[in-house]
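Before anything else, here's the structure in question.
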Amino acid sequence: MIETIDIARRGIMLIVSSPSGAGKTTLTRNLLDQEENVSLSISVTTRERRASEIDKVHYHFISRRQFEIMRDGGELLEWAEVHGNYYGTPREPVERALEEGRDILFDIDWQGTQQLYEKMRSDVVSVFVLPPTAEELKARLERRAEDSPEIIARRLKNAAEEIPHWEEYDYVLVNRDLDKSFARLRGILTAERLKRVQKPDIQDFVDKLLIDLKKMTP
């Protein structure tokens, strides 16, 4: 019987950022569906819950006062105010997951990424997703048929402000082909997992391996 041994490692904070329409949502959804050890970071927010949303699944919906207490007490890894509402990433569940060797996926922008860099850079792997062309980005936004021409124009303007930050990321994917981009994203995750194997556990494994080999040697 062949015994398989799992080598312990610390989890990864995997950040995937992109301008709206570049394909980030599809890539991250596929990753969550196909990778067992990856879960999505659930943010806290002060905005009202929508009818389609579930508390503690889509967001942790809390009061403004609760948010301010968490923020001022250092309980958030990153936070931002968007359209008068607060959003943030709780520290405790992320640190617990990392210690247990579980990977956490973050769908945040470059500003949130910078905040995570400041607090936990050694745990972060960041990926920026680019569209193949400006024309294709606009076409994708129009094909979604979710936004008015005014909102699409605003998203394109925002993209022009977000894209220059690609250089601040560990990896960049130009999403010309969704299947190829997804394969590359999974490849990044696999490589980074291997880099984070804990050396003491590897040493214990190697020591046992050498002992067993010596037993086989006359």
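With a ≥ b ≥ c taken as the square roots of the eigenvalues of the C-alpha gyration tensor of segment 143-218, please select rounded if a/c is under 1.5 and otherwise prolate if a/b is larger than b/c or oblate if it is not? Walk me through the numbers on the way to the answer.
On the way: a/c = 5.32, a/b = 3.50, b/c = 1.52.
Verdict is prolate for segment 143-218.
Restricting attention to segment 160-218, which trypsin sites (Lys or Arg not before Pro) occupy a DSSP loop and are surrounded by at most 14 other Cβ atoms within 10 Å? Don't jump to the answer; show the numbers that get you there.
Values: sites: Arg176, Lys180, Arg184, Arg186, Arg193, Lys195, Arg196, Lys208, Lys214, Lys215; in loops: Arg176, Arg196.
Sparse-neighbourhood loop trypsin sites (Lys or Arg not before Pro): Arg176.
With a cut-off of 8 Å between alpha carbons and a minimum separation of six or more residues, what is the relative contact order of segment 2-84 in percent?
16
Under 18 Å Cα-Cα from Lys215, which aspartates and glutamates qualify once same-chain neighbours fewer than 8 residues away are excluded?
In chain and number order, the partners are Glu3, Asp204, Asp207.
Using Cα centres only, tell me the gap between segment 27-95 and segment 141-195 in whole Å.
Cα centroid to Cα centroid, the span is 21 Å.
I need the peptides 13-20, 94-101 ranked by packing, meaning the mean over residues of other C-beta atoms within 10 angstrom, with the highest value on top. Walk me through the intermediate numbers first.
Values: 13-20: 23.8, 94-101: 15.8.
Peptide ranking by packing, descending: 13-20, 94-101.
Another one. Exactly which GluC sites (Glu not before Pro) in segment 117-163 are in a DSSP loop and have at most 14 other Cβ atoms within 10 Å? Show your work: numbers first, answer last.
Numbers: sites: Glu118, Glu135, Glu136, Glu142, Glu146, Glu150, Glu161, Glu162; in loops: Glu146.
Here the GluC sites (Glu not before Pro) that fit, given the DSSP loop and packing criteria, are Glu146.
Just tell me, in residue order, which DSSP H segments of the chain are both 20 angstrom or longer along the helix axis (alpha-carbon based) and at least -1.0 in mean Kyte-Doolittle hydropathy. List each step's numbers first, then the result.
Working: long enough: 178-195 (26 Å, -0.23); 199-216 (26 Å, -0.30).
Span-like helices in the chain: 178-195, 199-216.
Any lysines with Cα under 22 Å of the Lys157 Cα? List them, leaving off those in the same chain fewer than 8 positions away.
Cross-link targets: Lys24, Lys138.
Roughly what % of DSSP beta bridges within segment 58-211 run antiparallel, to the nearest 5? Show your work: numbers first, answer last.
Numbers: 6 of 10 bridges.
Rounded to the nearest five, the antiparallel share is 60 percent.
According to the Kirkwood expression over distinct Cα-Cα pairs, how big is the hydrodynamic radius of the chain, in Å? Write out the running numbers ahead of the final one.
On the way: mean 1/r = 0.0512 Å⁻¹.
Averaging 1/r across every pair of different Cα atoms and inverting gives 19.5 Å.
Values in this text are rule-based calculations from the coordinates and carry no lab data. The structure presented is a predicted model; accordingly, all values stated were derived computationally and were not measured. In this analysis, Cβ positions are derived from the backbone assuming ideal geometry, glycine residues included, and neighbour counts consider all displayed protein chains.
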